[in-house]
Amino acid sequence: MLPAAAVEEFQDAVGATNCSTDDAILYVYGFDVSDVTGKPDAVVRPGSIDEIARCVKICAARKLAVIPRGAGSGAAGGAVAPGGGVVVDLTRMNKITNLDLANLQVTVQPGVVIEQLNQFLKPHKFYYPVIPGSDKMATMGGVVANDASGMRAFKHGSAKDYLLGATVVLADGSVVPFGCKALKNVAGLDLLRLFAGSEGTLGIMAEFRVKILPLPPSKGVLVAYFDDLEAAGKAVIDTYQAGIIPSAIEILDKSALEVVKKYKPQTGVKLAEAMLLFELEGDPDFVKYQSRKIGDVLDALGVKDRAFSADPEESDKLWSARSTVGAATSVLKEGYNRVYEGEDICVPLTEIPKTLRKLRELKDKHRLGMVIFGHISIGSLHPAITIRKSNEKDWTAMKELAKEIHDWANSAGGTVTGEHGIGAARKEYMPIMYPKAYEVMKKIKHALDPDNIMNPGKIF
């Protein structure tokens, strides 16, 4: 419990209605999508950069933990407070403050939701290409803090690739602007890329200037069904070798197709060992050309069951299976629910076929439910494990399964997290993956946050 004097200081900084110490409210802030929990001592909801700075200064003076938070849609415990502290809820700061189309950039506050930003840009025929699966709730602050990417990562990159400038509140409460308005800048150390993906452990990114792109003139979706799971992985490599770079390639394995068919039959998906969805963009003739080239790749693999459409309504229907699968995982088996562990590996492209087979083997070994889907274009796979949450044996088996998944990804030259971040859920793997580089990271952390108040227990 915070001292009354500290509560008064926070109330003075953000207003009494934007400072909460009520147990019911603190309980709500004790969760994100993961299984990591932790009730904070207080929640503050600043409405400006100055208010963020004042709150951080109070925490610094009192050695209180600072936990930045957006929508709470993260899957690694990054926005919860296992050791207590002060959650800084940034969702009040949800304004798009400047649009500079001539310079291909927009300035936004951290609480702006990604879909909100793209709806704002759409009439101008521009968009922000970093679109995670949770774009209807994920905020810019969380997306940049986790260096999120989503389905279009291979062609369009991740959040750090669009970050031109930011205003950052450091651990002592000082406010520092990074970057400039130029589209290319190599002056000094790249602090923007250092902070992107740092998960709030170095400071709070309080405003962003990001690059935007023109909307493609047309899109098309090609869906292909495979009788061989590993052939689906090979199709990705062969597509790139044919000189085609789709804006997205997504995979749903047999279990994913089963849950989608059960959860939302109107998607019209078929059952197969795997389904790939290729999203193509560009001039209408170029979209058709890409579709034909991928068709040649599929023909060489003996894959005949496929469909293509450049009609927006039909494309949306084909694509809807992918957007449904995350919510559908819990219908795989009655009484079983999804847990977010082992769910975010990323492996080299050449390791995709073997990894798909290995995931199936591990699922059978531990006799748990698993739905496999993901951004196969970059080797990012989401093996969604389902368990009976009231069964202790299931929890034990799940922990063992998640560890084996992580160990496999690491041994394959990949990573335990391609998108969702390390947070509190996966920090034990940092010294395993990067025994020497992790020591360098810790030195940077200590230099910027010597008292370890910025999101402690995450990454470090």
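Out of all the residues in the stretch 315-334, is one or more under 14 Å from Ser255 (Cα atoms) and in contact with an Asp or Glu (Cβ under 6 Å, 6 or more places away or on another chain)? Taking every residue of the stretch 315-334 in turn, at least one turns out to be under 14 Å from Ser255 (Cα atoms) and in contact with an Asp or Glu (Cβ under 6 Å, 6 or more places away or on another chain). Out of the stretch 47-100, which residues are under 30 Å from Arg426 (Cβ atoms), in a helix (DSSP H, G or I) and either among the aromatic types (Phe, Trp, Tyr) or in contact with a helix residue (DSSP H, G or I) (Cβ under 7 Å, 6 or more places away or on another chain) (or both)? Of everything in the stretch 47-100, those that are under 30 Å from Arg426 (Cβ atoms), in a helix (DSSP H, G or I) and either among the aromatic types (Phe, Trp, Tyr) or in contact with a helix residue (DSSP H, G or I) (Cβ under 7 Å, 6 or more places away or on another chain) (or both) turn out to be Cys55, Arg62.
Of the candidates Gly111, Gly173, the single residue that is closer than 26 Å to Ala53 by Cα and either in contact (Cβ under 8 Å) with a residue 60 or more places away in the chain or more than 19 Å from the chain's Cα centre (by Cα) (or both) is Gly173.
Pairing residues of the stretch 264-286 that are surrounded by fewer than 18 Cβ atoms within 10 Å (Cβ to Cβ) with residues that are of a type in the set (Ser, Thr, Tyr), at Cβ distances under 6 Å and at least 6 apart in sequence or on separate chains, gives Lys270/Tyr225; Pro284/Ser218.
Scanning the stretch 157-186 for residues that are closer than 30 Å to Leu277 by Cβ and either at pLDDT below 95 or surrounded by fewer than 21 Cβ atoms within 10 Å (Cβ to Cβ) (or both) yields Gly157, Lys160, Asp161.
Answer with yes or no whether Gly84 is in contact (Cβ under 8 Å) with a residue 24 or more places away in the chain, touching a Pro at 6+ places or on another chain (Cβ under 7 Å) and farther than 26 Å from Val416 by Cα. Spelling it out, Gly84 is indeed in contact (Cβ under 8 Å) with a residue 24 or more places away in the chain, touching a Pro at 6+ places or on another chain (Cβ under 7 Å) and farther than 26 Å from Val416 by Cα. Note on the stretch 3-37: residues that are at positive phi and either in contact with a Gly (Cβ under 6 Å, 6 or more places away or on another chain) or hydrophobic (A, V, I, L, M, F, W, C) (or both) amount to 0. Examine the stretch 23-37 for a residue that is of a type in the set (Gly, Ala, Ser), outside the structural domain of Ala153 (by TED's automatic domain parsing) and at pLDDT 95 or above, and state whether such a residue exists. Checking the stretch 23-37: at least one residue is of a type in the set (Gly, Ala, Ser), outside the structural domain of Ala153 (by TED's automatic domain parsing) and at pLDDT 95 or above. Looking across the stretch 416-446, the residues that are assigned to a loop (DSSP other than H, G, I, E, B) and surrounded by 15 or more Cβ atoms within 10 Å (Cβ to Cβ) come down to Val416, Thr417, Gly418, Glu419, His420, Gly421, Ile422, Gly423, Ala424, Ala425, Arg426. Test Leu301 against the criterion of being assigned by TED's automatic domain parsing to the domain that holds Ile249 and either buried (at least 19 other Cβ atoms within 10 Å of the Cβ) or among the hydroxyl-bearing types (Ser, Thr, Tyr) (or both), and give yes or no. No; evaluated as a whole, the condition is false for this residue. Restricting Leu213, Leu189, Leu194 to those that are under 29 Å from Lys293 (Cβ atoms) and surrounded by fewer than 24 Cβ atoms within 10 Å (Cβ to Cβ) reduces the list to Leu213.
The values are calculated or read from the model by the stated rules, or taken from the named source; none is laboratory data. Worth saying up front: this structure is predicted, and the values here are computed from it rather than measured. As a convention, Cβ positions derive from the backbone with ideal geometry for all residues, glycine included, and neighbour counts pool all protein chains shown.
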